[in-house]
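One structure is given below, encoded as structure tokens.
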Amino acid sequence: MSQELKLHFLGTGTISPDPERSCSCVLLQTPKENILIDIGAGSLRRMAIEGIDVNSIHYIFVTHFHPDHVSDLIPFLFALHNARNEQGQLLRVWGPPGLFRFIQSMERAYGKWVQYSTDMVKFYEMKRRLLDFPGFRLIWNKVIHTQESVGLRFEVANHVVAFSGDSGYCQELIRLCKEADIAVLECSHADEFAVKGHLSPSLAAKIAEEAAVKKLILTHFYPDALNSNLLEIAQKYYSGEVVLASDGDSYSIPLD
Ligand SMILES: [Zn+2]
Ligand SMILES: [Zn+2]
């Protein structure tokens, strides 16, 4: 694999159906690992469109248990039964406390079709706030959305990519984003339709500015957000580069 950190957007929409956007899913590629951040409805089809094999995924990190962030875990696991090949390695699925209960409910509903031996699929609940993996460090924190919701900060060789998951404006998220090369922040609603527990362009931009991130990527758009001038509003509050993510977009950070 190349010496870069790569972000590949597989789902930039919400549970509001959109022919152009799947629900939340980003593939983060380090030189060693393929990591999915959330796996909402439509992610699996978008992976197929982008030529990403389910066998190539090493980790899935789930930020919370809303269907637009986790529901394609069910078809993903089912797909492994058919698609598993000799390249398939152990898949590790991480989530906030409550993941085990979620998985048990899924297994009660779908039985053997989503069940694997622990040398194929393992589940982990996040407990320690700082987790070291072979090729990256993960720092997570609770954010303001649902009771279990977490934001994620990935550190790879002095470079940082942070993800809000779903979250309102909060200091925890600003800390996770501190001086990140890229902050991927949700932007559910336009400012005039902002709701508690979600970000709008001005709130996401304020977080990016206060955290001094190098680049802000907005994602997770409800229709009212897409109908507003997100970039212009975000640029009023954030002095760095800001872009809107679309399904299929990718961004790279060279690793030194
Ligand atoms: Zn949510
Ligand atoms: Zn969501």
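None of the figures in this text is laboratory data; all of them are computed from the coordinates on show. Please read all numbers here as calculations on a predicted model, not as lab measurements. Cβ sites come from the backbone with ideal geometry, for glycine too, and all protein chains shown count toward neighbours.
Numbers at a glance
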item	result
Qualifying positions in segment 205-242 - hydrophobic (A, V, I, L, M, F, W, C) and closer than 17 Å to Glu179 by Cα	Ala205, Ile207, Ala208, Ala211, Ala212, Val213, Leu216, Ile217, Leu218, Val242
Single condition Glu148 does not satisfy, out of (1) in a helix (DSSP H, G or I); (2) under 21 Å from the mean Cα position of the chain (by Cα)	(1)
Unmet requirement for Ser246, which otherwise passes all of (1) of a type outside the set (D, E, K, R); (2) within 16 Å of ligand 1 (Cβ to nearest atom); (3) closer than 30 Å to Ile52 by Cα; (4) touching a strand residue (DSSP E or B) at 6+ places or on another chain (Cβ under 9 Å)	(2)
Ala162 vs. criteria closer than 18 Å to Lys178 by Cβ, more than 16 Å from ligand 2 (Cβ to nearest atom) and of a type in the set (Gly, Ala, Ser)	yes
Segment 9-28, residues that are away from ligand 1 (no atom under 16 Å from the Cβ) and crowded, with 21+ Cβ neighbours inside 10 Å	Phe9, Leu10, Leu27, Leu28
Extreme residue, farthest from ligand 2 (Cβ to nearest atom), among residues of segment 108-150 that are in contact (Cβ under 8 Å) with a residue 60 or more places away in the chain and out of contact with any Asp or Glu (no Cβ under 7 Å at 6 or more places or on another chain)	Pro134
Residue in segment 208-224 that is touching a His at 6+ places or on another chain (Cβ under 8 Å), aliphatic (A, V, I, L, M) and surrounded by fewer than 24 Cβ atoms within 10 Å (Cβ to Cβ) present	no
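Conditions tested, residue by residue: (1) in a loop (DSSP other than H, G, I, E, B); (2) in contact (Cβ under 8 Å) with a residue 40 or more places away in the chain; (3) of a type in the set (Phe, Trp, Tyr).
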| site | (1), (2), (3) |
| --- | --- |
| Pro31 | yes, yes, no |
| Ile35 | no, yes, no |
| Met47 | no, no, no |
| Ile60 | no, no, no |
